Amino acid sequence: DQQVKQNSPSLSVQEGRISILNCDYTNSMFDYFLWYKKYPAEGPTFLISISSIKDKNEDGRFTVFLNKSAKHLSLHIVPSQPGDSAVYFCAASGTLGGGADGLTFGKGTHLIIQP
Amino acid sequence: DSGVTQTPKHLITATGQRVTLRCSPRSGDLSVYWYQQSLDQGLQFLIQYYNGEERAKGNILERFSAQQFPDLHSELNLSSLELGDSALYFCASSVDRGGLETQYFGPGTRLLVL
């Protein structure tokens, strides 16, 4: 049973345009969400996060939106750049009981930025 | 560079063998997490240690065990290895003040079981 789903295995976007990556979750206990970027043969690199008390968090070209009622979050990258080509993982965490727990990851979306 | 280090980078071994993977967390981080990334399963949480004590368990097999030492580095021991254990093993660390914290990942150890 996949609790975090990224339904698009890949996404191709033209350089300079907006990239929108989507993520759905099923566990209502999740209250902290993160996006990681991963290049081949490297570990996931933290990109941006959002807690469930917010509906938007912005950091430079990256914005994450959270819709709790729909159990949906999205990552917007604008403008998209060639260096953004990577696999993007959505991850979720539940802190009921205190402390950070292991993250539950989606299977990733491979973003390809076309020149 | 996340500040999390993992050794070795690559490991090739045979079925039935035992291996140890090592992780050093970022300076000041008390929590260490282990994840397995296999081709079909994506990134799966295995186990978490906080300041030397086991804190949370995920999809970790009984053949696998971990520990965190007083200097906060951690080791993941994999025994009676099977072909299906071939995967990338990642370690992550966080400060873990008891709230919502970001985990920072190391570069991973690629294990190949032949």
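Among A:ASN27, A:GLN114, A:GLY102, whose Cα projects farthest towards the positive end of the dipole of region A:16-115, with charges put on the beta-carbon of Lys, Arg (+1) and Asp, Glu (-1)?
In region A:16-115, that residue is A:GLN114.
Nearest 100 Å² is fine: how much accessible area is buried between B and A, summed over both sides, with a 1.4 Å probe?
The contact between A and B buries close to 1700 Å².
May I ask for the net charge around B:GLY108, where only other residues with Cβ less than 9 Å from the Cβ of B:GLY108 are counted and Lys, Arg are +1 while Asp, Glu are -1?
Around B:GLY108, the charge tally is +1.
At A:ALA70 and B:SER65, where each label point lies 7 Å from the Cα along Cα→Cβ, what is the point-to-point distance in nanometres?
Distance between label points: 4.8 nm.
Considering the options B:PRO25, B:LEU43, A:ASN57, tell which one lies farthest towards the positive end of the dipole of the protein assembly as shown, charges being +1 on Lys and Arg and -1 on Asp and Glu at the Cβ, about the Cα centre.
A:ASN57
Under a point-charge model restricted to the Cβ atoms of Lys and Arg (+1) and Asp and Glu (-1), what is the dipole moment magnitude of the protein assembly as shown relative to its Cα centre, in debye to the nearest 20?
Working: 19 positive and 22 negative charges, 63 e Å.
Dipole of the protein assembly as shown, to the nearest 20 debye: 300 debye.
Using a Gaussian network model on chain B with a 10 Å cutoff between Cα atoms, which of B:GLN17, B:GLN103, B:GLN44 fluctuates the most?
Among B:GLN17, B:GLN103, B:GLN44, the largest mean-square fluctuation in the Gaussian network model of chain B belongs to B:GLN17.
Give the Rg/Rh ratio for chain B, taking Rg as the radius of gyration of the Cα atoms and Rh as the Kirkwood radius, to two decimals. Spell out each step's value before the answer.
Working: Rg = 13.3 Å, Rh = 14.0 Å.
Using only Cα positions, Rg/Rh for chain B is 0.95.
Could you size up the charge dipole of chain B around its Cα centre, putting +1 on the beta carbon of Lys and Arg and -1 on that of Asp and Glu, and report it in debye to the nearest 20?
That gives chain B a dipole magnitude of about 160 debye.
When the dipole is taken about the Cα centre of chain A, and only Lys, Arg (+1) and Asp, Glu (-1) are charged at their Cβ, what size is it in debye, to the nearest 20?
Approximately 160 debye in magnitude.
Once you keep just the Cα pairs under 8 angstrom separated by 6 or more residues, what percentage relative contact order results for chain B?
In percent, rounded to a whole number, it is 37.
I want the local charge near B:ILE60. Using Cβ-Cβ distances under 13 Å, sum +1 for each Lys or Arg and -1 for each Asp or Glu among the other residues. Can you show the working numbers first?
On the way: positive: B:ARG55, B:LYS57, B:ARG63; negative: B:GLU54, B:GLU62, B:ASP85.
That works out to 0.
Quick one: length gained pulling B:LEU112 to B:ASN51 fully straight, 0.36 nm per residue minus the C-alpha distance?
Numbers: separation 61, 0.36 × 61 = 21.96 nm, distance 3.01 nm.
Answer, rounded to one decimal: 18.9 nm.
Compute the length gained on full extension between A:ILE112 and A:ASN57: take 0.36 nm times their separation in residues and subtract their Cα-Cα distance, giving the result in nm to one decimal.
Result: 17.5 nm gained on full extension.
Could you report the protein assembly as shown's accessible area per residue, 1.4 Å probe, as an integer in Å²? Before the final figure, lay out each step's value.
Values: 10910 Å² over 229 residues.
Per residue, the protein assembly as shown has an accessible area of 48 Å².
List the trypsin sites (Lys or Arg not before Pro) within region B:41-114 that fall in a DSSP loop (any state other than H, G, I, E or B) and whose Cβ has at most 14 other Cβ atoms within 10 Å.
Filter output for region B:41-114: B:ARG63, B:ARG97.
Kirkwood hydrodynamic radius for region B:1-62: how many Å is it when counted over pairs of different Cα atoms?
Computed over region B:1-62, the radius equals 13.4 Å.
If you average the alpha carbon positions of region A:18-61 and of region B:1-68, how far apart do those two centres end up, in angstrom?
22 Å
The values are calculated or read from the model by the stated rules, or taken from the named source; none is laboratory data. Bear in mind the structure is a predicted one, so any value in this text is a computation, not a measurement. Here Cβ is always computed from backbone atoms with ideal geometry, including for glycine, and neighbour counts include all displayed protein chains. The protein model used for the area step is the full one, side chains on, heavy atoms only, and it has no ligands, DNA or RNA in it. Shrake-Rupley method; radii C 1.70, N 1.55, O 1.52, S 1.80 Å.
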